[in-house]
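The values are calculated or read from the model by the stated rules, or taken from the named source; none is laboratory data. Note that the structure is predicted; figures quoted are calculated from it, not measured. When we count neighbours, we look across all protein chains shown, and the Cβ atoms used for this are built from the backbone with ideal geometry, even at glycine. Just the protein is used for accessible areas: all its heavy atoms, side chains included, with ligands, DNA and RNA removed. Shrake-Rupley method; radii C 1.70, N 1.55, O 1.52, S 1.80 Å.
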Amino acid sequence: MRELKQALRSLDAVEGFDSDAPQRALFKREMAEVTLANNRRVIAWVYLLNHVPNPWRRITSGDYAAVRND
């Protein structure tokens, strides 16, 4: 269980997911049934688009990481 929590924290950081403010995150994390290549179905954590970002916002600094939570 400890390894799962660390893995999810690492993936959340990559996806920009913040469990303290999920409504602000570009993606949300949910459990869903998925089908593997061998057609076996399992429950897995997935990241889903939480909202469509404003396509017209320009990041004048070019530093996405610095402004992604604005």
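Among the residues of region 33-47, count how many are under 18 Å from the mean Cα position of the chain (by Cα) and either polar (S, T, N, Q) or surrounded by 10 or more Cβ atoms within 10 Å (Cβ to Cβ) (or both). Explain how you work it out, then say what you get.
First, the residues of region 33-47 that are under 18 Å from the mean Cα position of the chain (by Cα): 33-34, 43-47.
Adding the requirement that they be either polar (S, T, N, Q) or surrounded by 10 or more Cβ atoms within 10 Å (Cβ to Cβ) (or both) leaves 34, 44-47.
So the count comes out to 5.
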Anything in region 48-65 that is more than 17 Å from the chain's Cα centre (by Cα), of a type in the set (A, V, I, L, M, F, W, C) and open to solvent by 100 Å² or more (accessible area, probe 1.4 Å)? List them, or say none. Trp56
Where the second residue is among the hydroxyl-bearing types (Ser, Thr, Tyr) and open to solvent by less than 100 Å² (accessible area, probe 1.4 Å) and the first is free of Cβ contacts under 8 Å to residues at least 12 places away in the same chain and lies in region 36-60, which pairs have Cβ atoms under 7 Å and are six or more apart or on separate chains? Arg41/Thr35
Could you check region 3-25 and list, in sequence order, the residues that are within 12 Å of the chain's Cα centre (by Cα) and either in a helix (DSSP H, G or I) or among the charged types (D, E, K, R) (or both)? Leu8, Arg9, Ser10, Leu11, Asp12, Ala13, Val14, Glu15, Asp18, Pro22, Gln23, Arg24
Taking region 18-32 and keeping residues open to solvent by less than 100 Å² (accessible area, probe 1.4 Å) and out of contact with any helix residue (DSSP H, G or I) (no Cβ under 9 Å at 6 or more places or on another chain) leaves Ala21, Pro22, Glu30, Ala32
